[in-house]
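Participant: Once you've had a glance at the structure underneath, I'll fire off some questions.
The values are calculated or read from the model by the stated rules, or taken from the named source; none is laboratory data. This is a predicted model, so every value here is computed, not measured. Here Cβ is always computed from backbone atoms with ideal geometry, including for glycine, and neighbour counts include all displayed protein chains. The protein model used for the area step is the full one, side chains on, heavy atoms only, and it has no ligands, DNA or RNA in it. Shrake-Rupley method; radii C 1.70, N 1.55, O 1.52, S 1.80 Å.
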Amino acid sequence: MSMFKSTDKLSGLFFAAFGLFTTIVTLSTLEVGTPGDMRSGFFPLIVGVLLVAVGLAVLAKAGLSQLQDTQPAFALRPLLIVTGAVVVSGVLLLTAGLIVAIPVLVILFSTAMPRRNWPEVLLTAIAMTVLSYLIFVVGLHLRIPLLNL
């Protein structure tokens, strides 16, 4: 199968190319700074590097997997669940706090999966809540409400 008939390969190339473009433009035009002293180019640089990494990962996956001629059917239900989960958790983050928003986000996300292991979902919700607290509140010193009930 040709390189350009695979949507995974095209997606990987697009992400990698756009990430590389973003990284080059950021480094040549903006001041990046350091993690302790972030400047205007810090976030675009991180996004660019992550896009390159995602693009390379998608390319590697597409290259290693057997490509099939059939496309999977578009699933509207998971799309609506994931979008709704992000909106609900965003509202809950500001109104109920981080300790409520993150577990609700993970639990709602899990309902988009055809099969779910509830103990695993709950463990993931706890881990994501703790990691979010450590990264955003402790590490980055963001003033995010923890619990507003």
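Participant: When ligands, DNA and RNA are left out and all protein chains stay put, how many square angstrom of accessible area per residue does the chain have with a 1.4 Å probe?
Facilitator: Numbers: 10520 Å² over 149 residues.
Using a 1.4 Å probe on heavy atoms only, each residue of the chain averages 71 Å².
Participant: Run the accessible area of the chain with a 1.4 Å probe and give the carbon-and-sulfur part as a rounded percent.
Facilitator: The C+S portion of the solvent-accessible surface of the chain is 74 percent.
Participant: Match the structure shown to one of the listed values (1) 10, 22, 31, 28, 8, 0; (2) 8, 21, 12, 8, 13, 19, 15, 4, 0; (3) 10, 30, 31, 21, 7, 1, 0 of P(r) over Cα pairs in 10 Å bins from 0, in percent, computed from it, and give that label.
Facilitator: (1)
Participant: Pop the C-beta distance of F136 and L10 into the FRET formula with R0 = 30 Å and round what comes out to the nearest 0.05.
Facilitator: My answer for the efficiency is 0.30.
Participant: Do the sum for the chain: with -39,500 (n - 2.57) for every DSSP H run of n ≥ 4, divided by all residues, what is the mean residue ellipticity at 222 nm, to the nearest 500 deg cm²/dmol?
Facilitator: -21500 deg cm²/dmol
Participant: While we're on this one: What percent does the relative contact order of the range 30-139 come to when contacts are Cα pairs within less than 8 Å and at least six residues apart?
Facilitator: Values: 66 pairs, mean separation 17.6, N = 110.
Once normalised by length, the contact order is 16 percent.
Participant: Counting only residues 5 or more places away or on other chains, whose amide H sits under 5 Å from the amide H of G33 once H atoms are built in the peptide plane?
Facilitator: R39
Participant: Could you work out the longest stretch of the chain that avoids the trypsin sites (Lys or Arg not before Pro) located in DSSP loops with at most 14 other Cβ atoms within 10 Å? It would help to have the intermediate numbers written out before the result.
Facilitator: Values: sites that count: R39, R115, R116, R143.
The longest such stretch corresponds to 40-114.
Participant: Take T124 and V49, extend 7 Å from each Cα along the Cα→Cβ direction, and tell me the distance between the two endpoints in nm.
Facilitator: 2.7 nm
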